[in-house]
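S.K.: What follows is a single structure, and I will ask about it in a moment.
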Amino acid sequence: MRINIAKSAGFCFGVKRALDIASKLTKAAGSVYMLGDIVHNEDVSKRIEKSGIKKINRLKKVNSGILLIRAHGASQGALRKASRLGYQIIDATCPMVKEIHKIVKDMHKKGYKIIVIGDKDHDEVQGIVGQLKEKTLVIDNISHIPLAKVKKIKLACVVAQSTQNSKNVLKIVDILKNYVSDLKFFNTICRPTRTKQEEIRSMPLKNDAMIIIGSKNSANTKRLYEISSLLNKKTWWVNSREEIKPSWLKGVRDVGITAGASTPEDTIKNIVKYIRSIRS
Ligand code: SF4
């Protein structure tokens, strides 16, 4: 059996950057906190916590302390509240997410209504909509476009969550264009996501089975799984070697492997090693 690993499998630039910032902070004097998970991967978060950075789910008053902002970013409200409560903020927001924040603020000032294509409850989307006081429209699916609201919009600025499925985003934008006379679309799907999605549109066709590695709360891993499973029914999404069933690989000659942007290299290596051991 051949094991074919996607060139783009694993950490993206934004995740590496956030983890570098976190690792430097472990040497900082005083308490360091992170609001939620720094990236969407349980193993990575546990390692960060072990290194001394405390995960908190809510901001509370501190006398002093550093607050590390995750790769997905945070709302303006959360940043203001953190400063008020006494935290020194160190921002590990991915520059590509920062760019989306800048676009929505600039376009809002110019009078455009902001439309975000993304998962409503995802941290990144919450951070994007939280750049503005005004309510933004979030569209998470082509079948959930609120046409009655869209029809009332004259000027619209459309951005996408950085890890969205590019084909779905373009389809949604095409529909919106029919209703909004002045629509500016900024394709804010980040380069690492596009590269991963380009690879996953061909790999499942060239392999008998696909293993997608990543945390179940990772949005970009979910997209890889969705695209792959449409092309190849023998697609499985796992977060660790323990989840793999040897029966999946029965009769398989080529197995393709890819991994989400927050999946650590050692998880990928462990799984590859395990797959080799099943067949040996
Ligand atoms: S997936 Fe893209 S936007 Fe998200 S952290 Fe990685 S590079 Fe940045």
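S.K.: Nearest 20 debye, what's the magnitude of the dipole of the chain about its Cα centre given +1 on Lys and Arg Cβ and -1 on Asp and Glu Cβ?
M.R.: 340 debye
S.K.: Still on this model: Between residue 102 and residue 43, how many nm apart are label points set 7 Å from Cα along the C-beta direction?
M.R.: Rounded to a tenth, the inter-label distance reads 3.4 nm.
S.K.: Could you tally the net charge around residue 153, taking each other residue with its Cβ under 10 Å from the Cβ of residue 153, Lys/Arg +1 and Asp/Glu -1?
M.R.: Net local charge, residue 153 excluded: +4.
S.K.: Show me 50-62, 238-250, 116-128, 3-15 ranked by packing, highest mean number of other Cβ atoms within 10 Å first.
M.R.: Sorting 50-62, 238-250, 116-128, 3-15 by mean packing, highest first, produces 116-128, 3-15, 238-250, 50-62.
S.K.: Something else: Residues in the range 118-143 near a label at residue 76, defined as backbone nitrogen under 14 Å from the 7 Å Cα→Cβ point?
M.R.: In the range 118-143, the label zone of residue 76 (backbone N under 14 Å from the point 7 Å along Cα→Cβ) covers 127-136.
S.K.: Within the range 51-65, name every residue whose backbone N is under 20 Å away from a label modeled 7 Å from Cα of residue 217 along the Cβ vector.
M.R.: Under 20 Å, as judged by backbone N against the label point of residue 217, lie 51-60 of the range 51-65.
S.K.: Further question: What residues qualify as long-range amide H neighbours of residue 138, i.e. H under 5 Å apart, gap of 5 or more or another chain, H built at 1.01 Å from N?
M.R.: Answer set, sorted by chain and number: 116.
S.K.: Given labels modelled 7 Å from the Cα in the Cβ direction, how far is it in nm from residue 155 to residue 31?
M.R.: 4.5 nm
S.K.: Something else now. Mean shadow of the chain, computed from the convex hull of its alpha carbons, in nm²?
M.R.: Result: a mean projected hull area of 15.6 nm².
S.K.: Something else about it: Between the range 186-245 and the range 84-130, how far is it from one alpha carbon centroid to the other, in angstrom?
M.R.: A separation of 26 Å, based on Cα centres.
S.K.: Rounded, prolate or oblate: which one fits the range 1-123, using the alpha carbon gyration tensor with axes a ≥ b ≥ c (rounded when a/c is under 1.5, else prolate when a/b beats b/c, else oblate)?
M.R.: It comes out oblate by the Cα gyration axes.
S.K.: In a shell of Cβ-Cβ distance under 12 Å around residue 212, excluding residue 212 itself, what net charge do Lys and Arg (+1) and Asp and Glu (-1) give?
M.R.: Spelling it out: positives minus negatives among the neighbours equals +2.
Throughout, read-outs are computed from the coordinates displayed, never taken from laboratory work. On a predicted model such as this, the values are computed, not experimentally measured, just so you know. Cβ sites come from the backbone with ideal geometry, for glycine too, and all protein chains shown count toward neighbours.
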